[in-house]
Amino acid sequence: MIETFDVIVVGGGPAGGQTARNLSKLGHKVLLTERYESFADNNFSSAGMTLVPLDEFKIPQSVIGSYWKNLKIQCTKDEYAWTSDQNKGVVLDFGKLRQFLADEVKVNGGKVLMGHRYVKKKVIQDGIIIDFVNSANQKTVQYKAKLVVDATGPVRKVMYNNKDDQPQMVLGSGLEYLIKVDQETYNKYKDNLIFFLGHKWALQGYSWIFPMENKILKVGAGKVHIKAKDQDKTNKTTKKLTEKVIDEYIKPIDYEILDVHGGTLKYSPSIKDTFYKDRVVAVGDAISTVNPLGGEGIRYAMQSANLACEYIDSFLKTNQNTFDKYRKAWRKKNLLKWQICELSSKRVYIKYTDEQIENRMKFYHDNASYDEFLNMLFHFKFRKIGLRIIQVFKTKLSYKLSGKTF
Ligand SMILES: Cc1cc2nc3c(=O)[nH]c(=O)nc-3n(C[C@H](O)[C@H](O)[C@H](O)COP(=O)(O)OP(=O)(O)OC[C@H]3O[C@@H](n4cnc5c(N)ncnc54)[C@H](O)[C@@H]3O)c2cc1C
């Protein structure tokens with residue numbers, strides 16, 4: 001006899017964990033599955049964000065690695081810094097976040113199955129049967145549900161039986177070192193979220209230093225895999241760039257590498273993903289929720305989970321399929337913003353010279369307050385900055401017309 005659930009969620013990332021957490025809280029019988037034995041095994045995300053998601057998703061203090069106050073952007077030549085004496089954001093422990101969500105599922109009466117890899121699905125008249133392989137003994141187990149949630153992130157393993165069925169994707173990848181440094185070095189970085197742009201420290205993307213708990217830093221580099229016309233003909237890799245940031249920028253007296261991890265992001269331009277098909281609902285990176293400019297994805301993965309849960313709950317209660325509205329609602333809220341970010345990412349990471357990047361950063365630094373800049377970077381509020389650009393452009397033009405220099 002196959003054990004039966006209302007919903008099986010495949011993938012224990014932020015999207016899957018939040019979906020299973022919500023649905024189990026609503027009283028549905030939920031199974032959350034993850035291919036890794038432990039969330040410590042694929043602790044790939046830098047998990048930097050503002051303070052907003054803490055309240056939005058009731059994320060507890062226990063999963064916070066560190067707070068940050070200042071934001072710095074180091075270009076090839078100059079550094080642009082926005083500072084504050086207030087906390088502006090956090091860096092989470094990604095493993096602890098996912099463990100917290102899975103624990104909530106259990107508290108709500110749901111079941112969590114670690115170390116089980118999804119392999120195939122079979123849609124039947126009154127539900128769907130899923131096969132998992134136990135990573136420890138390679139045995140196959142089957143479960144049945146009314147719906148299955150594809151929360152497998154960039155691989156989109158459940159929604160599509162073949163890779164060829166997937167829409168066209170842009171690939172991004174990132175590598176990160178978790179390092180333990182001396183106290184003096186840590187103190188220099190503990191309040192700062194630092195991003196690196198331009199050819200000296202990055203390659204078709206950006207590099208970063210994020211603070212974690214005492215003496216621990218996350219240092220990494222990420223790139224977009226787009227073939228540029230005059231592609232940088234260097235042998236730079238995200239590994240070499242990460243090591244360069246450690247050795248030539250941080251220059252710690254001494255350091256120990258605690259972990260090396262990384263991951264990929266696959267984004268479908270204009271969000272062409274399938275959100276629902278044949279009893280499969282997709283959430284998170286499986287529907288390109290990750291922002292194509294900054295690669296911030298945890299908040300949006302969890303937002304998509306909250307939205308999907310409204311339609312899943314309604315389906316389970318009324319048996320009515322309204323998942324087309326889920327896709328419409330998500331795209332209505334995010335498509336335009338994501339398309340603007342797609343364009344910006346192509347410009348900043350692929351097209352611009354170091355000088356152009358430097359000029360843009362200088363403009364933002366001279367014209368945007370810290371909160372305005374954060375609002376643009378993390379909340380995609382471009383209006384105020386847009387108006388400022390028009391204002392500066394108008395002033396320049398009137399100076400030009402009057403024969404004066406700006
Ligand atoms: C290097 C890097 C740095 C990042 N930094 C940040 C950051 O600073 N801030 C931020 O907000 N976002 C960041 N992101 C993005 C963010 O981590 C993702 O957008 C987010 O994790 C997406 O959540 P998800 O649940 O949709 O997918 P994922 O987190 O990818 O979760 C998918 C889960 O499904 C599991 N899975 C896959 N296949 C199977 C299978 N066959 N069977 C069972 N389980 C399976 C995987 O093991 C995984 O646990 C970063 C990403 C990378 C790669």
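The values are calculated or read from the model by the stated rules, or taken from the named source; none is laboratory data. Treat the numbers as computed from the prediction; the structure is a model and nothing was measured. All Cβ positions, even for glycine, are placed from backbone atoms using ideal geometry, and neighbour counts span all protein chains on display.
Below, the figures for the structure above:
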item	result
Residue count for the stretch 39-64, restricted to those that are within 11 Å of the ligand (Cβ to nearest atom) and at negative phi	11
Sole residue being part of a loop (DSSP other than H, G, I, E, B), touching a residue at least 40 places away in the same chain (Cβ under 8 Å) and away from the ligand (no atom under 12 Å from the Cβ), chosen from Lys180, Lys200	Lys200
Subset of the stretch 150-177 [charged (D, E, K, R) and not in a strand (DSSP E or B)]	Arg156, Lys157, Lys163, Asp164, Asp165
Tyr326 vs. criteria touching a residue at least 12 places away in the same chain (Cβ under 8 Å), under 15 Å from the mean Cα position of the chain (by Cα) and either buried (at least 20 other Cβ atoms within 10 Å of the Cβ) or over 28 Å from Ala40 (Cα atoms) (or both)	no
Of all residues making up the stretch 267-295, the number that are near the ligand (Cβ under 10 Å from one of its atoms), in a strand (DSSP E or B) and under 17 Å from Gly16 (Cα atoms)	1
Condition broken by Thr152, with the remaining ones in (1) of a type outside the set (Gly, Ala, Ser); (2) within 14 Å of the ligand (Cβ to nearest atom); (3) out of contact with any Gly (no Cβ under 7 Å at 6 or more places or on another chain) satisfied	(3)
Elements of type strands (runs of 3 or more DSSP E) contained in the stretch 37-99, each with 2 or more residues being out of contact with any Gly (no Cβ under 8 Å at 6 or more places or on another chain) and hydrophobic (A, V, I, L, M, F, W, C)	70-74, 79-82
Residue satisfying condition, being within 22 Å of the chain's Cα centre (by Cα) and under 30 Å from Asn161 (Cβ atoms), within set Tyr36, Tyr67	Tyr36
Selection from the stretch 168-185 of residues that are farther than 20 Å from His261 by Cβ and surrounded by 16 or more Cβ atoms within 10 Å (Cβ to Cβ)	Met169, Val170, Thr185
Criterion: surrounded by fewer than 20 Cβ atoms within 10 Å (Cβ to Cβ), near the ligand (Cβ under 10 Å from one of its atoms) and either at pLDDT below 95 or assigned by TED's automatic domain parsing to the domain that holds Asp41 (or both) - qualifying residue of Val107, Val133, Val141, Val123	Val133
Qualifying residues in the stretch 150-167 (those that are of a type outside the set (A, V, I, L, M, F, W, C) and either surrounded by 21 or more Cβ atoms within 10 Å (Cβ to Cβ) or within 19 Å of the chain's Cα centre (by Cα) (or both)) - the one farthest from Thr33 (Cα to Cα)	Pro154
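A quick yes/no check of all residues on (1) assigned by TED's automatic domain parsing to the domain that holds Trp208; (2) within 30 Å of His28 (Cβ to Cβ); (3) not in a helix (DSSP H, G or I):
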site	(1), (2), (3)
Glu243	yes, no, no
Ile253	yes, no, yes
Tyr300	no, yes, no
Ile312	no, yes, no
Tyr326	no, yes, no
